[in-house]
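Structure, as structure tokens:
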Amino acid sequence: MGFPKDFLWGGATAANQCEGAYREGGRGLANVDVIPAGKDRYPVMLGRQKMLAPDGAHRYPAMQGIDLYHHYKEDIALFGEMGFRCYRMSIAWTRIFPNGDEEEPNEEGLAFYEDLFRECRKYHIEPLVTITHFDCPIHLIEQYGGWKNPKLIDFYRRLVTVLFTRFKGLVHYWLTFNEINMILHLPFMGAGLVFEPGENETQTKYLAAHHELIASAWATKIAHEIDPENKVGCMLAAGMTYSYSCNPEDVWKGMDKDRESYFFIDVQSRGYYPSYAQKFFQREHIQLELSPEDQRVMRENTVDFISLSYYSSRCASADPSIDTTAGNAFATVRNPYLKTSEWGWQIDPLGLRITLNSLYDRYQKPLFIVENGLGAADTPDENGYVEDDYRISYLREHIRAMKDTIELDGVELLGYTTWGPIDLVSASTGEMKKRYGFIYVDLDDEGNGTLRRTKKKSFDWYKKVIASNGEDLD
Ligand code: BGP
């Protein structure tokens with residue numbers, strides 16, 4: 001019993017949060033490059049403050065990341081030392097197509113990723129590639145309005161065709177869009193959407209989501225055609241919504257909140273729009289075009305597996321005066337039974353088991369946890385060593401819950417990649433201070449530091465977890 005023999009243990013990063021080198025190798029400018037640190041970050045991520053080019057008044061942490069672009073060999077060697085069986089990373093669209101609408105890809109970008117994948121293979125690490133982790137070329141936003149425009153489907157198809165062809169045999173696991181439900185909460189960060197004053201944001205968000213969903217189905221089709229060995233997954237920012245009380249009003253609120261997220265996975269996993277969504281679109285006067293061909297592609301090309309990020313459960317109440325707290329993607333009602341992290345995110349290991357069961361009951365497809373972890377402020381000693389027992393304890397409890405889900409509930413789980421195995425820029429806050437890694441990176445919130453990588457206490461702990469296939473968690 002316990003974890004399957006071929007369970008994919010590893011870690012997950014995203015190009016925009018770690019690569020840096022934003023103007024090297026022929027790379028073009030993307031939305032993620034121009035999301036500033038500081039107080040303007042949130043309005044920009046929401047798409048309400050237009051920022052399509054850097055200015056001198058802001059700092060843009062993604063431009064430097066942790067400079068993985070120049071450190072990937074060293075970083076992957078450390079992942080290899082921990083015994084990773086899988087490394088989830090993302091492709092920067094603008095390294096492959098700097099503007100997004102070129103006919104021919106940028107060879108330097110392709111060569112960079114090819115070398116990175118070969119490096120992984122040296123350590124027997126299976127790459128898991130997120131095709132789009134929040135990034136959209138600025139040119140596509142300026143010229144076409146980003147995902148508001150159905151033309152993006154064609155550009156995305158071109159992108160994926162290039163990737164599946166070039167990396168055939170090197171990569172077998174693909175995710176089409178990271179946290180696809182993020183488009184509803186942080187639409188500029190999640191999908192490059194910028195709103196005009198007075199624009200109906202709900203309509204625009206669902207229109208853009210519709211195009212992403214069509215693009216995702218096409219990608220699944222193309223992936224299987226190019227290499228039948230390819231496995232394609234969707235990716236949800238997950239976390240079951242509990243009702244604050246047993247008042248049916250609260251229960252309904254919780255169900256409604258979950259549907260907001262499940263909507264995306266319902267389409268990607270079942271191949272059609274669920275009835276509750278169709279009714280919602282009618283009420284909101286949202287009209288979505290679906291050609292017979294796209295409809296067929298959607299029906300026939302559902303995902304092979306369902307991946308998710310899990311940081312915490314959520315909670316909902318019909319009473320708007322109940323206290324809220326921060327969480328991944330959006331705030332949630334504070335659950336009085338849970339402790340929170342330094343950043344206010346609630347900690348709920350059993351919630352992982354509940355979430356996994358809920359997803360498995362609903363879809364009956366293999367699941368893959370591709371993000372989980374604790375963002376915390378670390379204090380390194382003079383050698384860069386961090387005693388991060390708090391991180392070990394968070395991960396241990398979540399791995400235990402995951403084990404129960406497999407052993408006691410029979411849920412099919414393909415793997416577990418922790419978020420940020422190496423410290424990287426925080427997506428929500430732009431900070432370096434909010435760290436997730438087993439590997440410490442000497443870099444602060446102002447962009448100062450040597451970029452030196454050092455092992456934290458959790459490094460050896462996770463190595464032991466993997467070596468024992470999840471049996472030794474002490
Ligand atoms: C998810 C994103 C990641 C990552 C993570 C942690 O929403 O997919 O990119 O950053 O959350 O969030 P944060 O960096 O805000 O702590």
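For the chain, the mean residue ellipticity at 222 nm estimated from helices alone is -12000 deg cm²/dmol, where every DSSP H run of n ≥ 4 contributes -39500 (n - 2.57) and the total is divided by all residues, rounded to the nearest 500.
Applying both filters, DSSP loop and at most 10 other Cβ atoms within 10 Å, to the trypsin sites (Lys or Arg not before Pro) of the range 93-139 eliminates every site. Estimated at 0.36 nm per residue, the fully extended path between Asp115 and Lys50 surpasses their Cα-Cα distance by 19.8 nm. Magnitude of the charge dipole for the chain, about its Cα centre and with charges confined to Cβ atoms of Lys, Arg (+1) and Asp, Glu (-1), is about 540 debye. Pairwise inverse Cα distances across the range 56-132, averaged and inverted, put the Kirkwood hydrodynamic radius at 13.8 Å.
Please go through the range 275-351 and write out the GluC sites (Glu not before Pro) that DSSP classes as loop and that have at most 10 other C-beta atoms within 10 Å. Passing sites in the range 275-351 are Glu289.
Past the 18 Å Cα-Cα mark, which pairs from Lys73/Lys455; Lys39/Lys257; Lys168/Lys231? Distance filter (> 18 Å) returns Lys39/Lys257. Taking the centroid of alpha carbons for each part, the range 290-318 and the range 96-127 are 27 Å apart. Within the range 1-86, the GluC sites (Glu not before Pro) that combine a DSSP coil assignment with at most 15 other C-beta atoms in a 10 angstrom radius are Glu24. Each residue in Thr176, Thr325 was given a count of other beta-carbon atoms within 10 angstrom of its own, and listing them fewest first yields Thr325, Thr176. Taking all Cα-Cα distances within the range 352-449, those exceeding 23 Å account for 38%.
Between Glu397 and Glu249, the simple label model (points 7 Å from Cα in the Cβ direction) yields a spacing of 3.2 nm. Given the chain, what percent of its DSSP beta bridges are antiparallel, to the nearest 5? Antiparallel: roughly 20 percent of the beta bridges in the chain. The ranking of Arg85, Arg314 from fewest to most other beta carbons within 10 Å of each one's beta carbon is Arg85, Arg314. Distance from the alpha carbon centroid of the range 221-287 to that of the range 181-204 works out to 18 angstrom.
Annotation: amide H-H contacts under 5 Å for Glu19 (H modelled 1.01 Å from N, sequence separation of 5 or more, or interchain): Ile66, Leu68. By the count of other C-beta atoms within 10 Å, a proxy for reagent exposure, Val129, Val251 are ordered fewest to most as Val251, Val129. Dividing the C-alpha radius of gyration of the chain by 2.2 N^0.38 Å, with N its residue count, gives 0.91.
No value in this document is a laboratory result; all are computed from the given coordinates. Everything numeric here is computed off the predicted structure, so don't read it as measured data. Every residue, glycine among them, receives a Cβ derived from its backbone with ideal geometry; neighbour counts consider all protein chains shown.
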